[in-house]
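One structure is given below, encoded as structure tokens.
The values are calculated or read from the model by the stated rules, or taken from the named source; none is laboratory data. Owing to the predicted nature of the structure, the values given are computational and were not obtained by experimental measurement. Glycine also receives a Cβ, built like all others from the backbone with ideal geometry; neighbour counts cover every protein chain displayed. The protein model used for the area step is the full one, side chains on, heavy atoms only, and it has no ligands, DNA or RNA in it. Shrake-Rupley method; radii C 1.70, N 1.55, O 1.52, S 1.80 Å.
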Amino acid sequence: MTLQIEDLVVEHRSPGRPVVRAVAGASLTVSPGEVVGLVGESGCGKSTLARAVCGLNPVTGGSITFEGRPVTPLGLRRRTLTAVQMVFQDPYASLNPRRRVGDQIADGLRTAGDRATTPADLLERVGLPREFAARHPHEFSGGQRQRIAIARALAARPRMLIGDEPISALDASAQAQVATLMRDLAVDSGAGLLFISHDLSVVRLIADRIAVMYLGRIVEVGNTAEVWADPRHPYTRALLQAIPRPDGMGVLPAELPGDVPDPANPPAGCRFHPRCPLAMDVCREKEPAPGPVACWLHEPA
Ligand SMILES: Nc1ncnc2c1ncn2[C@@H]1O[C@H](COP(=O)(O)OP(=O)(O)OP(=O)(O)O)[C@@H](O)[C@H]1O
Ligand SMILES: [Mg+2]
């Protein structure tokens, strides 16, 4: 396995406020060349998990190993970590407006010690004209900028790509293209891809496996087609049923019925039980064991 997340706990602490256990015992693996889609409502801990994998959030408990070595907080060394590269939601914020895009891509090539590849080569790989290297980020559309951000990530020769909502700021027409591009680049280079998105139709399109997160835990994980055909956790069912279009395409609704509980003060037992139409007594008392489906309805006898 390239990336192995085991029983991960990540807490946010801010002065005068309760500790927020944003990731509360999550396990997930991503293999080389595999695309894993991570979905769940806003605030369930997806970004916190992604940032921890990149060494940007300190780990409170559990472990993250990448290619057999533990991931540790990066601090100022973060830019030189080449193996895991993250593509963020907002390409406007992640590119430097004052520098030519070719120079920004060249930084990554230098870090990776790659003298054979040019920034123009990478622009070509992400479907942009080579001569864009001489221009500045403001000259491009959102979709083009995100392609540039991807080219910059690729320059570092990552063995793991993480996209944290990389398409949600883009026009509808660019969304599927950029998602498919990330998938193709990851698969072709043998890198894993952890793809976080609210857009379930895009996740369905590009992910080999899907992981469903709820309030800091992975509640269901499985082959994308199988989860779609037969969602087993009541939360996964609720998510899929909430998709507006009958062909299964569409964006996650902002809210399902019932509120997401405060992660600083999660419900006892199964975290989903206050919103679950099928909750039983045991669900209020004991947390289900982690597994492909973390639910008392699916607990082996
Ligand atoms: N720096 C921080 N300090 C305190 N709490 C935080 C911090 N970052 C995130 N949180 C809290 O941790 C929880 C998980 O947040 P996170 O951003 O990981 O969720 P998410 O699944 O990425 O949500 P979204 O879909 O909106 O991006 C939320 O309750 C959030 O308010
Ligand atoms: Mg997020």
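Quick one: which of V36, V23 is in contact with a helix residue (DSSP H, G or I) (Cβ under 8 Å, 6 or more places away or on another chain) and not aromatic (F, W, Y)? Please lay out each step first, then the result.
Working: V36 fails: in contact with a helix residue (DSSP H, G or I) (Cβ under 8 Å, 6 or more places away or on another chain).
Selected residue: V23, the only one of V36, V23 that is in contact with a helix residue (DSSP H, G or I) (Cβ under 8 Å, 6 or more places away or on another chain) and not aromatic (F, W, Y).
Of L205, L193, L170, L122, all but one fail to be modelled with pLDDT under 95 and crowded, with 20+ Cβ neighbours inside 10 Å; the exception is L170. Can you report the number of residues in the range 275-284 which are modelled with pLDDT of 95 or more and open to solvent by 80 Å² or more (accessible area, probe 1.4 Å)? Looking only at that region, the number is 2. The single condition among (1) modelled with pLDDT under 95; (2) open to solvent by less than 10 Å² (accessible area, probe 1.4 Å) that Q85 does not meet is (2). Check the range 39-46 and report whether any residue there is more than 16 Å from ligand 1 (Cβ to nearest atom) and open to solvent by less than 50 Å² (accessible area, probe 1.4 Å). Scanning the range 39-46 turns up no residue that is more than 16 Å from ligand 1 (Cβ to nearest atom) and open to solvent by less than 50 Å² (accessible area, probe 1.4 Å).
Does the range 141-161 include one or more residues that are of a type outside the set (A, V, I, L, M, F, W, C), open to solvent by 20 Å² or more (accessible area, probe 1.4 Å) and within 16 Å of ligand 1 (Cβ to nearest atom)?
Within the range 141-161, not a single residue is of a type outside the set (A, V, I, L, M, F, W, C), open to solvent by 20 Å² or more (accessible area, probe 1.4 Å) and within 16 Å of ligand 1 (Cβ to nearest atom).
Against the test of being over 27 Å from L3 (Cα atoms) and of a type in the set (S, T, N, Q), the options Q144, Q89, Q85 yield a single qualifying residue, Q144.
Determine, yes or no, whether V219 is touching a helix residue (DSSP H, G or I) at 6+ places or on another chain (Cβ under 9 Å), in a strand (DSSP E or B) and either open to solvent by 10 Å² or more (accessible area, probe 1.4 Å) or among the basic types (K, R) (or both). Write out each step before concluding.
Working: touching a helix residue (DSSP H, G or I) at 6+ places or on another chain (Cβ under 9 Å): yes; in a strand (DSSP E or B): yes; either open to solvent by 10 Å² or more (accessible area, probe 1.4 Å) or among the basic types (K, R) (or both): yes.
Taking the combined requirement at face value, the residue satisfies it.
Pairing residues of the range 157-179 that are farther than 10 Å from Q146 by Cβ with residues that are charged (D, E, K, R) and in a loop (DSSP other than H, G, I, E, B), at Cβ distances under 8 Å and at least 6 apart in sequence or on separate chains, gives R157/D114; R159/E67. Sub-7 Å Cβ pairs linking a first residue in the range 122-148 that is polar (S, T, N, Q) to a second residue that is open to solvent by less than 20 Å² (accessible area, probe 1.4 Å) and not in a helix (DSSP H, G or I), at least 6 apart or interchain, are Q144/L128; Q146/P166; Q146/L170, ordered by first then second residue. Restricting the search to strands (runs of 3 or more DSSP E) fully inside the range 1-49 and requiring at least 3 residues that are more than 16 Å from V71 (Cα to Cα) and small (G, A, S) gives 20-30. In the set A52, A26, A93, only one residue is within 28 Å of L181 (Cβ to Cβ), within 16 Å of ligand 2 (Cβ to nearest atom) and without any contact (Cβ under 8 Å) to a residue 12 or more places away in the chain; that residue is A93.
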